[in-house]
Every structure is written in structure tokens, then in C-alpha cells.
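One structure is given here, and the rest of the page talks about it.
The values are calculated or read from the model by the stated rules, or taken from the named source; none is laboratory data. None of these values were measured; they are calculated from a predicted model. Methodologically, a virtual Cβ is constructed for each residue, glycine included, from the backbone with ideal geometry; neighbour enumeration extends over all protein chains shown.
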């Protein structure tokens, strides 16, 4: 009789490598590993050999980079979805796409369960499991770090467990940061970052670029075009979204763009400190924001800001596959019809400095905005407007005077 199958979200790191023999030993599962490529690149080298050597019967490496960029990143860029004013949702946006691919592989393999290596303290356990529950409520979810049968509580213990199961790989009890990387960003946690009083050691920490102090002394000009809220070209060269982000990562990293040190509120109730590098994403979001300033009306911008904040919270909490998230994305998409045009800016030592914006749908009217009087605007009209606009304040002030004079 064949064994039941489990699909393991596999990264090739120590945690998920140790989980392979643990699943076989503890649950007698046939382990199917699945690594979902969201643009992390070189981290995938040698993965299949490692998974099979560690006891997996098969490894899928599924590239969802374009799907990630077009269907997860861009809706958040268009919404200007930023969690707690700083975090550009790099890890949060990737998890629903990964969950969907894990479910797809589980169905293909007729698996009965999906396993992930997220810890019981973090947000990722929530994001993975909400995605799986929404897409495949019948599948069992195994989270070893919350399983009483999981007895390993350190890298030392995991290394020893692997050795005891004749898995000898070049893992070490190192002092490296805990990192998560995809095309959009890389996050860093651990070491000196665990103490908010300590300054990050950027010389040791940064992966995608340099600190602003070490960026070039000369600025670099950049021109981007958008069509209906989607980036199309950089300096006249047309590219798909994924390649635009790759190019912006290169330029942003070079100029020290997009380095954020944040203490954030995790979904599970604790505060966590991390440093995020999002060089290309920071440029892309600023360019999109720069164009929207020109084409969106005041009321739409105000509501969209609220919806963007709400979407950031929903995505951060792992609620991508919910009616609310779908509705928020639909609203944002409806605002992008006229977000078409060209933005210019220069990159200089961590800064993105405007250098001009144009759009065929620009609502900026020089005749109206100019200090000189134009035909479309009569200064006298403001008198009646202010009278009506300020009427509630005046009525309240008059009533206060009446009450205070009694």
C-alpha cells in the first residue's frame, strides 16, 4: 500500500531540510518538496540534490515570479499599500502566491497535507495557513514548530538530528541574520537588530545595495512610463514588470535607496524589529505616486489613501483570499484607468528627487494654478465658497458666545 503524501514548502535551509526526515519518521509520509521561486535567484542552486539527499521523493521548483509581480505586487503598488508607514509588504505579498502553488502541487500529487516551516512566533504561519484554508479547506496543515512531536529548539539540535539521520550537509551554527528574499525585497532579522537600541551594522547586513553614505557622489536621472497604473518602460526601454523591478533594484541598490529600519507590530501580538531592503520597490512606488498626484482628483485620492492603508493591513495579516481583499483590489483597479504618463526623477544618496511629470490625463491646469489671474477662475467666487464652507464653524462659535455670555 502506498504511503500518504505531504507537500513540504521547501527552501533548502536547515529548518525545512530537517523537516523532511522528521515527517517521514513521525507521520510515515511520502515527502514531496516544493520550492516556489518568487525571484530569489541564486538561493535555488543545488536545491534538488539537497532535497532528494535528505529523503524527499521529489522536488518541484515552481517559478511564479511573473505571477508574483503582476498579480500580487502591482495591486499593492497601485494601492500604495504600506504597512505602518514603512513596510512595503515584501514577504506578505509573496505568501498567498506560494500558498496557491502549494495547493496546486498537493492536488496534482493527491497529497493529504501541506507542511510549512514557519515558527509559532511569526506572521508567516498565519499567511500560509489562511491561504491554504481558503483554497483547500480539506487539506491537513502541519506546522512542526507548533507540533508537540517536534523536539528541536535550536540550530544545534537540527544539525544533530540531520546527522543522526545520515544527512551530512554544510550547515553550521552560524551567527547570520534571519533573512527572507524575493524579487521585491530582502528582510533581515536577528543579531544586533533584536535590540532596538543598537544601530544596524549596515556594512555586514546589506545585500542588495549600499548605504547612502557609500552611494555615488553624482546623481543619476531616470525616466519611467506607465499605462493604466502599470510600469512599461525605463529610459525608453520597454520591459515586463519583473524586469523593470530587476532594473530598479540594480539602480536603487547602487544609490542607497529603500533601506528601512522598522519596529513593526506582528499579527500575533508582539513587536518585531527588522531591516528591509526594497530598492526597486521604493522607486516604483514613488514613481507611481508621483504620477497619481497629477491625474487623480482630490476625493478619490483621499478615499484611496484609506483603502491603501486597509489593503496593507489585510495583506500583512494574510487575508489575500477574502471578499474584503478582493473588493479593495477592485476599487484600486478602478482608479488606475488614467494613471498613464511619464515620470522623471534623479537618484542621489538614498533620495528620489522629482525631475518632472507629464500625462495626457493631467488634471493640473496652469491657467488655474498660476498666480496670474486666468479666465477660468474669478477670485471673487471664493468669498461665497468660504462663507458656506465655514458656516458650521461660525454657527458653533456664535452658540458658544451666546452660552458663555449668559
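Here is how the numbers come out for the structure above:
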{"item": "Residue within the stretch 41-57 that is at pLDDT below 95 and either part of a strand (DSSP E or B) or crowded, with 19+ Cβ neighbours inside 10 Å (or both) present", "result": "yes"}
{"item": "Among residues of the stretch 162-187, those that are assigned to a helix (DSSP H, G or I), in contact (Cβ under 8 Å) with a residue 60 or more places away in the chain and surrounded by fewer than 19 Cβ atoms within 10 Å (Cβ to Cβ), counted", "result": "0"}
{"item": "Given (1) in contact (Cβ under 8 Å) with a residue 40 or more places away in the chain; (2) under 15 Å from residue 88 (Cα atoms), number of the condition residue 297 does not satisfy", "result": "(2)"}
{"item": "Subset of the stretch 188-209 [part of a strand (DSSP E or B) and touching a helix residue (DSSP H, G or I) at 6+ places or on another chain (Cβ under 8 Å)]", "result": "188"}
{"item": "Residue in the stretch 139-159 that is nearest to residue 125 (Cα to Cα), counting only those that are within 29 Å of the chain's Cα centre (by Cα) and in a loop (DSSP other than H, G, I, E, B)", "result": "143"}
{"item": "Hits in the stretch 346-401 (condition: surrounded by 10 or more Cβ atoms within 10 Å (Cβ to Cβ), touching a strand residue (DSSP E or B) at 6+ places or on another chain (Cβ under 8 Å) and farther than 30 Å from residue 211 by Cβ)", "result": "358, 359, 361, 362"}
{"item": "Residues located in the stretch 256-271, provided they are surrounded by 15 or more Cβ atoms within 10 Å (Cβ to Cβ) and on the phi > 0 side of the Ramachandran plot", "result": "256, 258"}
{"item": "Failed item in (1) touching a helix residue (DSSP H, G or I) at 6+ places or on another chain (Cβ under 7 Å); (2) surrounded by fewer than 23 Cβ atoms within 10 Å (Cβ to Cβ); (3) closer than 30 Å to residue 130 by Cα, with residue 253 passing the rest", "result": "(3)"}
